Every structure is written in C-alpha cells, then in structure tokens.
C-alpha cells in the first residue's frame, strides 16, 4: 500500500504496533537554529562577566564554549528528552525502539555532529537524513536514535450533531471510518471546507452543502453508537 | 459494541493511566499496576483497530501507549555508579575487544614518530619540512631554559600565575580533543582520515622532539611532556584505533549490511571514545597544573611521569583472560 505519510510502526513486546512520525529536515533545521541562538546567548552571557576576569576568565570561557558546543544537546536530551529548540517544535529524541534516549545514545549522536557537519553546514547529515527512511543523520545511525514528533495528547473529539431522518445506506468499513473521522475532525475545519468534503457524497446522499454535513454527522453518530 | 459504548466503558482507566504516566519520575505516587494497565491498553488498541474504530480514538490510544512504554521500559539514567563501572570494567574490556587495532595504532604512531625522530636527529633541517620557520622559532623559545630567567634581575622567574594555568587548561582540552576527534571521525572516510591524522601527528611529534634535542633544550622539554604525554598520546592513539574499527567495519562489514556494521562499530567504539575523552581531560589537567610547574625538580617529574606511563600502558593493555576464564 502506498503511504501518504512517513509514519513508522513499532512493534512492542506486547505484540501491538505503535505509530511514530520521524521529523524531517525542515523542522529539524528550524529546531537547530533555535538551539543555536540559545547557545549564542549563553556564550555571550558568559563572555561579558568573564572578560573582566583576565586569563582565568579566558580559561573558564574556553571550557564554557567547549561544554556548550558539545554538551548542550546532551544535557537537555538526557534530562528532558528534547532540547529547547526541539521542544518548541514538538520534537523529541528516542531510541529506535521508541524509548527515551539516555546518556550513551545522546552523547554518541551529538559527538557525531562533527561527522554530520562535513564538509560544511551539515551537508553530509542533511543528505543522509533525506536518503534515510527514518530521517536519520549519521549521528542517529551511530547512536541508534531518531527524532520524532511528540504529538500533543490528542483529545478524543466529541462532535455535536442533530439527529436527521434515517437513510438506509450501507457503507463498507473504510468508508465508515472516513465518515467518523470526518465528524470528529469537523471542529478543526471551516464550514466551507466541511461542506466541500460532504459534497463528495452528494450523489448518494442526494443532499448539498449544510444539509449534507449534518446528515453525515448524524450517520457518524449512529455509527459510533451515540444515537 | 459500538465505539461510543467502548469509550464509555474504558474511559476511566485510560484517564488514570494517562495521569500516572505523565511524569515517569512521579510514577510511584500513583497506585497503579503499570504492567497490567499497559497490557490492558495494548489490548484496547488491538480491539479498536480490528473493529475499525475512529482514527482519533486509535491515535489517542497510540499516544498513551507510547508514553506508557517510555515509562515502563525506561533505560536507567544514573550517572556515577555506571561511571565507576565504566572505568573499572567496561573500558578495559572494550580495549581488549579491539586489541589488534590498539596495537596497530601504537605501532604506527610510535613507529613513525621514531623514524621522523631519527631522521631529524641525522638531518636537523628536516623539521622545516614539518612546520614553518616562525613556528620553529616560537617552539624553541617555549622550551628555552634561558626564557625562564628574568632579563632584568637575572633570577629565575616566578611560576606562571594560576589564572593562566586555567587558561591553558581550557586551551589544551579544546585542542587535544579536536585532534583525537579528527582521528576518530576520519574512520568514516574508510579509515583513511584516521590514518592521515594519526601519521601526521606522529611525524609532527617525532620531528619536534628531535629538534628540541638538537637545539639542546631536552631537559625542559621532556620534563614538561612526560607526565601528561602518557594520557594525552595514549588517548589520541586510542581514538585512532577506534577510527580504525569504524573504517574496517565499513570496508569489510562481514555478514552484516553496511549500515548494521556501522551501528555495531558505533557500539564498540563508543566506550573507547568516551574513555579517551576522560583521559584527555586528565591530561589537560596535568599539563596545565603539574607539567608547567617550575618549582618541581625534574627528577620528581620524571619519576611521576614514568609511573603514569606504566600505569596507563598496563591499563590500556589489560591481561587477556585465560581460555577457561573466557565468557562466551
């Protein structure tokens, strides 16, 4: 079956598939830039007071730069599972088996930024990421990690509906699923878009526009057992 | 059972589960049998999928399961105990595993260093092939015993201030780690990068030390490098050995696919790189605060330096377990 998304299925020991969505190049670049800005701010904040401390300050400065360069992502990934940049874009780092990353994995994937960076501007990492099924850069391959979307806990949507007169129609399983999904998503769609979607079924509903929408919702409600 | 009834029936437990797994560190505050609740949830998801319940429901259960799984199978995250375990057992064990690479890296590095050392002893101008004149002059000044005597008073200068010791500590860490890292990452260019950096540094090291001997500053130089050199040079050689492992796994993955071989190489070399990193921190510490001290007599430095070398070599080449001790 051709997939329109890049979700991957992860089988747990309990024999169930969990779906994960690996994060692509664009959003990861944005997260990286965000983190880069934070790192620059940290370094600047360190430079200003340390500049007055002479050579001692310079030494501390170099150590701070070294730590920020290599350990900024590690510290955040180990303690929180995501750097502030990743957090702002809803990403998180996990092992290939979906478990949160710990020190070894995080250190490995971040040390290998040096390899990803080659020849410059993360070219190797970017190419590797685009060619990879799970959007992994070199560091991710070495560390056995991946970056996934951490979806906001989804609310099961309760859609409102008005009972319409019953229409005798039989739908196959997929169609039932689509209709229920339509009703549950309806809150996030504009009225025009809802009608546009509902109009697709107008040949069998014999209804148009708002009428088709409310009829569909009513069907959905009876399908999920609400009415 | 219709979806609505199913949700009504199970909702309560899902909410409790979601509440409990929200923060893995506060799990103990909830009275929940997590493994049981988790299995129940996987069952719910399977039911929901097979009965074609709506995507919103399935995706909610999916998210709950992901969180639950992360809670239930969370890898341990302690730092200090594993740290000690690493120094005492894991690092030497891993070194044993890649011993041929470690031996070859040592032979290549010290072999070539010795050759260039001899070459420079015989033909002193050889050093100018390795580095530009200005750098040679700077180097000579650095180790010139005369530079320690103040021109005005004729007395020995005071020790470097401790604040500049700190500066050098930061500098050494950054410099050495980048060399070690180049040696390692070079492994990804089929190991040629590793070979290049390792041999380049060997030539440099051999030529420089011979040149210092040629100009007659050997006592300031060797008393300076001997102590931290044990950790620093060994760490660099070990990084190169790790780079060699990576390169070899790419060239000859055996029965694994190349990506699987690379992953395995990553697993093997991670402890080596981490260990080398620790050694470099120790080396930078010694270099900044001990080696540079002018108060210590050279005899002390040589003794401590020799002790460090013996310890490091014994540590890096642990005894091979005898046949009957071998754990398969």
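The values are calculated or read from the model by the stated rules, or taken from the named source; none is laboratory data. Quantities reported herein were computed from a predicted structural model and do not represent experimental measurements. Every residue, glycine as well, gets a Cβ built from its backbone with ideal geometry; the counts of neighbours run over all protein chains shown.
Residue A:193 satisfies every condition listed in (1) over 18 Å from residue A:167 (Cα atoms); (2) touching a helix residue (DSSP H, G or I) at 6+ places or on another chain (Cβ under 6 Å) except (2).
Could you tell me whether the stretch A:150-160 includes any residue that is at pLDDT 85 or above and away from every other protein chain (no Cβ under 11 Å)? No: zero hits.
Any idea which of (1) modelled with pLDDT of 70 or more; (2) over 13 Å from residue B:280 (Cβ atoms) is the one residue B:168 doesn't satisfy? All conditions are met except number (1). Could you please find all residues in the stretch B:248-259 being more than 10 Å from chain A (Cβ to nearest Cβ) and over 18 Å from residue B:193 (Cβ atoms)? Result: B:253, B:254, B:255, B:256, B:257. Against the condition in contact with a helix residue (DSSP H, G or I) (Cβ under 7 Å, 6 or more places away or on another chain), part of a helix (DSSP H, G or I), at positive phi and at the interface with another protein chain (Cβ under 7 Å from one of its Cβ atoms), how does residue A:98 come out, does it pass? No. Scanning the stretch A:57-92 for residues that are in a helix (DSSP H, G or I), more than 22 Å from residue B:181 (Cβ to Cβ), within 11 Å of chain B (Cβ to nearest Cβ) and modelled with pLDDT of 80 or more turns up just one, A:79.
Of note, residue A:107 does not satisfy the criterion of being out of contact with any strand residue (DSSP E or B) (no Cβ under 8 Å at 6 or more places or on another chain), buried (at least 18 other Cβ atoms within 10 Å of the Cβ), touching a residue at least 24 places away in the same chain (Cβ under 8 Å) and more than 11 Å from every other protein chain (Cβ to nearest Cβ).
Here the condition is being without any contact (Cβ under 8 Å) to a residue 60 or more places away in the chain, within 18 Å of the chain's Cα centre (by Cα) and either surrounded by 20 or more Cβ atoms within 10 Å (Cβ to Cβ) or farther than 24 Å from residue B:182 by Cβ (or both); of B:216, B:266, it holds for B:266 alone.
The number of residues in the stretch A:168-215 that are within 14 Å of chain B (Cβ to nearest Cβ) and over 22 Å from residue B:48 (Cα atoms) comes to 3. Applying the set (1) surrounded by 15 or more Cβ atoms within 10 Å (Cβ to Cβ); (2) part of a helix (DSSP H, G or I) to residue A:174 leaves exactly one unmet item: (1). A count restricted to the stretch B:40-57 and to residues that are part of a helix (DSSP H, G or I), crowded, with 18+ Cβ neighbours inside 10 Å and at the interface with chain A (Cβ under 10 Å from one of its Cβ atoms) stands at 6. Residue-level check: of (1) surrounded by fewer than 16 Cβ atoms within 10 Å (Cβ to Cβ); (2) more than 22 Å from the chain's Cα centre (by Cα); (3) part of a helix (DSSP H, G or I); (4) modelled with pLDDT of 80 or more, residue A:39 misses just (1).
Would you please name the residue that is modelled with the lowest pLDDT, looking only at residues in the stretch B:58-81 that are more than 16 Å from residue B:37 (Cα to Cα) and more than 8 Å from chain A (Cβ to nearest Cβ)? Only one residue tops the list, namely B:78. Select from the stretch B:1-32 the residues that are within 11 Å of chain A (Cβ to nearest Cβ) and assigned to a loop (DSSP other than H, G, I, E, B) and write down the one among them that is nearest to residue A:218 (Cα to Cα). Here the residue is B:2. Here residue B:98 does not fit the description of being surrounded by fewer than 16 Cβ atoms within 10 Å (Cβ to Cβ), modelled with pLDDT of 85 or more and farther than 30 Å from residue B:23 by Cα.
Considering only residues in the stretch A:167-179 that are in contact with a helix residue (DSSP H, G or I) (Cβ under 8 Å, 6 or more places away or on another chain) and at pLDDT below 85, the one that is nearest to residue B:54 (Cα to Cα) turns out to be A:177. For the structure I just gave you, tell me whether residue A:46 is buried (at least 17 other Cβ atoms within 10 Å of the Cβ), away from every other protein chain (no Cβ under 14 Å) and touching a helix residue (DSSP H, G or I) at 6+ places or on another chain (Cβ under 8 Å). Answer is no for this residue. Of the residues making up the stretch A:202-227, those that are assigned to a loop (DSSP other than H, G, I, E, B) and either over 17 Å from residue A:169 (Cα atoms) or in contact with a helix residue (DSSP H, G or I) (Cβ under 7 Å, 6 or more places away or on another chain) (or both) are A:207, A:208, A:225, A:226, A:227. Number of residues in the stretch A:187-201 that are modelled with pLDDT of 85 or more and in a helix (DSSP H, G or I) equals 9.
Quick check, is residue B:224 within 12 Å of chain A (Cβ to nearest Cβ), assigned to a helix (DSSP H, G or I) and in contact with a helix residue (DSSP H, G or I) (Cβ under 9 Å, 6 or more places away or on another chain)? Walk me through how you get there before you give the answer.
On the way: within 12 Å of chain A (Cβ to nearest Cβ): no; assigned to a helix (DSSP H, G or I): yes; in contact with a helix residue (DSSP H, G or I) (Cβ under 9 Å, 6 or more places away or on another chain): yes.
So residue B:224 does not fit the description; no.
Here the condition is being exposed (fewer than 13 other Cβ atoms within 10 Å of the Cβ) and over 26 Å from residue B:62 (Cβ atoms); of A:190, A:202, A:214, it holds for A:190 alone.
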